[in-house]
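Reviewing the structure listed below.
The values are calculated or read from the model by the stated rules, or taken from the named source; none is laboratory data. None of these values were measured; they are calculated from a predicted model. Here the Cβ positions follow ideal geometry from the backbone for every residue, glycine too, while neighbour counts run over all protein chains shown. SASA here: full protein model, heavy atoms, side chains in, ligands and nucleic acids out. Shrake-Rupley method; radii C 1.70, N 1.55, O 1.52, S 1.80 Å.
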Amino acid sequence: MTDREDRLRSLLDKVRAKRPGERETHAAEAVDRMRAGSGTVQAATQARPLSEPPTSPQVESPTRYSSQPPRVERPLSVEPRARSAQPPSPPAAPPSQSQRPASIRAQSVAPTGQPVVYATDQPEFPRPKTFGELLELTLSLRPR
Amino acid sequence: MHDGRFDPGGFYEFNLTGGMIRTRNGERVVVLSEDVLSSLVAAAARDGDLTPLRRLGELLGEQVLASLDRPASVLSAEAVLGHVSAVTSLFGWGRLAFERWGCALVVALRDKPELDEDELGAAALLGGMFSEISQRQVSCVPTGDSKFVMVDFEVAETVWGWFKDGADLPAIVGMLESKRAS
């Protein structure tokens, strides 16, 4: 019995002392395989590693909050539904500039049948004064 | 007067048998030469009594009112001007136009008969006509270049004094300010 077999045996005894039963069988098999050939010991331990307590995940990239919108490399492909009925282009052909996704237009997102409501009122043009108003104005003139 | 424009058709009724000319409203009118009229106006101006010319202006104003389908005060200045200038032309008193100088309403009367040097005859005529049209006491004060500023009769004498002292129309307008309650 080599030193490695001795360490495994002692480890097996510890496990057997804690949880007798099923693990005993697996450990005995592992010892038997090691006896068959020392070269398979490492492979056997890697195939059935002992369960280790899960470690807390390391925070390598913290969540960053930014007021700027995320950068989009390519525009979202929002195409009219009618285009989907067209025959698809050959898959091997690379996308050309003319086949880039259509830009989003205002009418494409407006509900059908509802008018676009403007935030500001229509500009009011000054109403021309009537003759009576002009007369009132000129008759109100007095020396300074 | 359905379209708001003055209709000059049939304005005068010539009664050759009776030797009379009447307007379509029934007033009898007399055709005078410019020379005769200017002599009469000059004499009236010297006497300081231009009442007949003011009365003639009121008659013209009545013609204007008869041609309007609504009160002149609610109409646009352009609409009133169309009727006033038409009546003025039919009576041979020249071409009338409105001008606005700030708050002041100015009447320009081009190609009018040459009556008196100070244009007081035309001023009396215009004052009578616009008083009748507006149902207010209106004075049209001469300011030179055949233009008359329309003011309240209470300040007419003051404005006339400014003009006689050499003030032109821009200067006169600059010496006036509106006192209308807002």
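Taken together, the residues in the stretch B:49-75 that are open to solvent by 50 Å² or more (accessible area, probe 1.4 Å), over 14 Å from B:L126 (Cα atoms) and not charged (D, E, K, R) amount to 5.
For the stretch B:104-113, check the following and say yes or no: at least one residue is at pLDDT below 95, open to solvent by 20 Å² or more (accessible area, probe 1.4 Å), more than 10 Å from every other protein chain (Cβ to nearest Cβ) and on the phi > 0 side of the Ramachandran plot. Yes, because at least one residue in the stretch B:104-113 is at pLDDT below 95, open to solvent by 20 Å² or more (accessible area, probe 1.4 Å), more than 10 Å from every other protein chain (Cβ to nearest Cβ) and on the phi > 0 side of the Ramachandran plot. What about B:D118, is it closer than 24 Å to B:A43 by Cα and within 14 Å of chain A (Cβ to nearest Cβ)? Judged against the criteria, B:D118 is not a match. Any residue that is in a loop (DSSP other than H, G, I, E, B), among the acidic types (D, E) and within 21 Å of B:R55 (Cβ to Cβ) - is there at least one of those in the stretch B:119-137? Yes, there is a match, as at least one residue in the stretch B:119-137 is in a loop (DSSP other than H, G, I, E, B), among the acidic types (D, E) and within 21 Å of B:R55 (Cβ to Cβ).
Quick one: is B:G127 more than 9 Å from chain A (Cβ to nearest Cβ), open to solvent by less than 50 Å² (accessible area, probe 1.4 Å) and touching a Ser or Thr at 6+ places or on another chain (Cβ under 6 Å)? Yes: the conditions hold for B:G127.
Cβ separations smaller than 8 Å between residues 6+ apart or across chains give the following pairs from the stretch A:117-140 residues that are within 7 Å of chain B (Cβ to nearest Cβ) to residues that are surrounded by 10 or more Cβ atoms within 10 Å (Cβ to Cβ) and modelled with pLDDT under 75: A:E136/B:R180; A:L137/B:R180; A:S140/B:R180. Under the condition of being surrounded by 15 or more Cβ atoms within 10 Å (Cβ to Cβ) and over 18 Å from the mean Cα position of the chain (by Cα), which residue from the stretch B:5-21 is modelled with the lowest pLDDT? The residue in question is B:F11.
Looking only at the stretch B:163-182, count every residue that is in a helix (DSSP H, G or I), open to solvent by 50 Å² or more (accessible area, probe 1.4 Å) and either at the interface with another protein chain (Cβ under 9 Å from one of its Cβ atoms) or modelled with pLDDT under 95 (or both) and tell me the total.
We begin by selecting, within the stretch B:163-182, every residue in a helix (DSSP H, G or I); these are B:163-164, B:169-174.
Right, trim to open to solvent by 50 Å² or more (accessible area, probe 1.4 Å) and you get B:163-164, B:170.
Within this subset, residues satisfying the condition of being either at the interface with another protein chain (Cβ under 9 Å from one of its Cβ atoms) or modelled with pLDDT under 95 (or both) are B:170.
So the answer is 1.
Of all the residues in the stretch B:141-154, those that are within 16 Å of A:S140 (Cβ to Cβ) and either touching a residue at least 12 places away in the same chain (Cβ under 8 Å) or more than 13 Å from every other protein chain (Cβ to nearest Cβ) (or both) number 6.
Can we say B:L115 is free of Cβ contacts under 8 Å to residues at least 12 places away in the same chain and of a type in the set (A, V, I, L, M)? So B:L115 fails the test. Looking at the structure I just gave you, is B:F91 among the aromatic types (F, W, Y) and more than 10 Å from every other protein chain (Cβ to nearest Cβ)? The answer is yes for B:F91.
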